Amino acid sequence: FWMVSIAAFIISPFLTNDGVCLLFVEPILNAFEATFLKESNQQKILTEIGEVQDQAFDETTNKKCKLQGEDALYFMLTLACSSNIGSALTYTGNPQNMIVAQDAIDVLSPIKFTAYMLIPSTLSWIMTTWWIQYC
């Protein structure tokens, strides 16, 4: 969860937030689909063999690491929020920042803009990702 968030936050200032979202959606959904297919195949094999006790043991030992279908929503939310917050760091990260940069680049250099945006963006990203994770 946090790895998706970190990657989106770090990549989005250099590749627009829309591009990051488009690049990350398919791999995330494929991971959930692969997990779902793997679990359904294991369930089918276990019911055919009749090893219900082994299935219960596996569920208790791996419960914390399993992805569930409902979790995909939270991954998509953190992807959207992290890429949007991260894109605020640079002029090129967000289409609106590109419009602002046309007039502001003479007054505020890109490095200075990034320096001013670093602390608020980082704090916003941490708080938002934490809120999504715990809600």
Residue satisfying all of: in region 76-102; in a helix (DSSP H, G or I) and β-branched (Val, Ile, Thr); modelled with the lowest pLDDT among these: Val100
Some residue of region 91-112 being touching a helix residue (DSSP H, G or I) at 6+ places or on another chain (Cβ under 7 Å) and more than 21 Å from Phe24 (Cβ to Cβ): yes
Hits in region 1-36 (condition: of a type outside the set (A, V, I, L, M) and closer than 17 Å to Trp125 by Cβ): Phe1, Trp2, Ser5, Phe9, Ser12, Pro13, Phe14, Thr16, Asn17, Cys21, Phe24
Whichever residue in region 11-36 is within 27 Å of Gln96 (Cβ to Cβ) and among the small types (Gly, Ala, Ser) and, among such residues, is most open to solvent (accessible area, probe 1.4 Å): Gly19
Search result, residues across region 97-111 that are closer than 20 Å to Phe9 by Cβ and surrounded by 12 or more Cβ atoms within 10 Å (Cβ to Cβ): Asn97, Met98, Pro110
Per-region count, region 1-16, residues modelled with pLDDT of 90 or more, of a type outside the set (A, V, I, L, M) and over 8 Å from the mean Cα position of the chain (by Cα): 4
Residue among Leu67, Leu73 that alone is open to solvent by 50 Å² or more (accessible area, probe 1.4 Å), in contact with a Phe, Trp or Tyr (Cβ under 7 Å, 6 or more places away or on another chain) and modelled with pLDDT under 95: Leu67
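The values are calculated or read from the model by the stated rules, or taken from the named source; none is laboratory data. Nothing here was measured: the structure is a model prediction, and the numbers come from that model. In this analysis, Cβ positions are derived from the backbone assuming ideal geometry, glycine residues included, and neighbour counts consider all displayed protein chains. Just the protein is used for accessible areas: all its heavy atoms, side chains included, with ligands, DNA and RNA removed. Shrake-Rupley method; radii C 1.70, N 1.55, O 1.52, S 1.80 Å.
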